[in-house]
1. Excluding ligands and nucleic acids, what accessible area in Å² is computed for T72 using a 1.4 Å probe, to the nearest 10?
2. Rounded to the nearest 500, what is the 222 nm mean residue ellipticity of the chain from helices alone, with -39500 (n - 2.57) per DSSP H run of 4+ residues and division by all residues?
3. Using the per-residue mean of other Cβ atoms lying within 10 Å as a proxy for protection, in what order, highest first, do the peptides 169-176, 291-298 fall?
4. Grab the Cα-Cα distance for A173 and K322, subtract it from 0.36 nm times how many residues apart they are, and report the gain in nm with one decimal.
5. With the full set of protein chains in place, find how many percent of the accessible area of the range 210-304 is carbon and sulfur; take the probe as 1.4 Å.
6. Tell me which trypsin sites (Lys or Arg not before Pro) from the range 34-131 have a DSSP coil assignment and no more than 12 other beta carbons within 10 Å of their own.
7. Along the Cα→Cβ direction, 7 angstrom out, place labels at A11 and D354. What is the inter-label distance in nm?
8. Short version: ³J(HN,Hα) in whole Hz for each residue of the range 219-233, in order, from phi by Karplus 6.51 cos²θ - 1.76 cosθ + 1.60 (θ = phi - 60°), x for Gly and Pro, what are they?
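The values are calculated or read from the model by the stated rules, or taken from the named source; none is laboratory data. Not measured: the values here are computed from a predicted model. Cβ placement follows ideal geometry from the backbone for every residue including glycine, while neighbour counts extend to all protein chains displayed. Surface areas here come from the heavy atoms of the whole protein model, side chains and all, with no ligands, DNA or RNA. Shrake-Rupley method; radii C 1.70, N 1.55, O 1.52, S 1.80 Å.
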Amino acid sequence: QAMLGRFDRRADLRAHRDALAYSGIAGTTIWFPFFYPTALWLAQRWPTRFVLERADAEAGESIADLLPALLTPVEAFGLRESKLPGFEALDAVRGRETDATFLVRCVGALPTDERTREAVYDAINPSCELLPGPDTPSRTRAALRGIRPVWQAGPLRRGRPDLAQEIARPPRAFRSATPAEAEALIALAREAMVTRLRDLDAFAYANARDAWWIEDDGGLAFALIGMRRDRRAVVPAIYGGLTLQNGVPVGYHQSDLVGRGAAISFNTFETFRGGEAAHAFARLLAALAHGFGTRSFSIEPYQLGKGNDEGLASGAWWFYAKLGFRPRARDAVALAAREFARLARSKGHRTRPDTLRALAEHHLFLDLDARDPAPLVTPAAVGLAAARHLTRLAGSDREAAVARAGADAMSGCGLATLDDFTPEERRAWDAWAPVLSMLPLAQWSAAERAQLVGLVR
């Protein structure tokens, strides 16, 4: 730890800094076209070290087009008349602030809602750099403080776990994180993404009041971080998470919870692959089963390799299939059965790339009770169905469509008024209204409708 703490001051690191750029190693520059909430966080935390990559010509053109809309009328007129290129226009107005920090703060000052600010920034889509500093994010120093290490006294758990046995064994602790723990976990999660040139909405819109600490054996732990109320999805409860070993992030994951089902995206950072990834995955499933009552787990096609070359190359489909996950789609069941038969005849069998792509077209499932599997609810399908429903209600006038959907939902749920709803609960009702008004509520019992209202609130 002492060596890692001063790693960024090594002479040989300085000599090879350019070659090590974008690696996430302490003392090196980080680059990424960060999404708006992450860019805003970086500008707030490290304003003097957050800069634009000037080689991004496309971003320069977007800045020239959109910068006038972020400034006062007199400035906007001056920029349009001067016809300065984007980065030069930014330099002409930004003063002593760095270009990236000035741009982010201008977007943040727009007199509109956060989603519109995010859309403006994403329309510019600049590539940014975070210059190294003594406390900037790095993979070298990434660790949760205050964790007592568990020493490795035997071989790594590389074997394939029995998922049924592991899921039946609860974690040592599953508790709500304290406010201080939650803030530390959120910062660590964001830094883990930044240093690996990634972004995750669940971390970008993290909710410190909905963070959970799961402690397991052997120094393994998980953090589950929910999303801010205004950013929560309508149907699934989404939790971003970190996998930690002795407080060091070794991977990240996302769990989209719908009733008894959970759609899992699980990623072990490349540095730690080939270690205890399968064991950690099994223990994550156990945490979800004991913490949230999850009984069915699914892996979406992208994680298996659909449109994801990294997933195909890593053999993701076989990783989950050998743990007991199986497809439900008829074509995929037959194709999987043929591949398992070939594997049984020859342990050296390797699935052809085109076959892997075909297998990756379908979800994989693990049901703790095969007689009662949780249904797969895909938020994308729900969202598109809601879009068609709103269009039928009022065409392109979404405000009128939501109002009609809300009124239909109130009638269906037996609500005469929303007067006792808080402002947040009213916003939640409006967000849910397109889905609620599609449900056959007349067929539901009064108790079920009351539970539905309670869920939204």
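1. Using a 1.4 Å probe on the heavy atoms, I get roughly 70 Å².
2. That calculation yields -13000 deg cm²/dmol at 222 nm.
3. Order by mean packing, descending: 291-298, 169-176.
4. Contour length minus Cα-Cα distance gives 50.8 nm.
5. Carbon and sulfur together cover 50 percent of it.
6. K83, R96
7. Placing both labels 7 Å along Cα→Cβ, they lie 5.9 nm apart.
8. So the J values, rounded to whole Hz, are x, 7, 8, 10, 10, 10, 10, x, 9, 3, 4, 6, 10, 5, 6.
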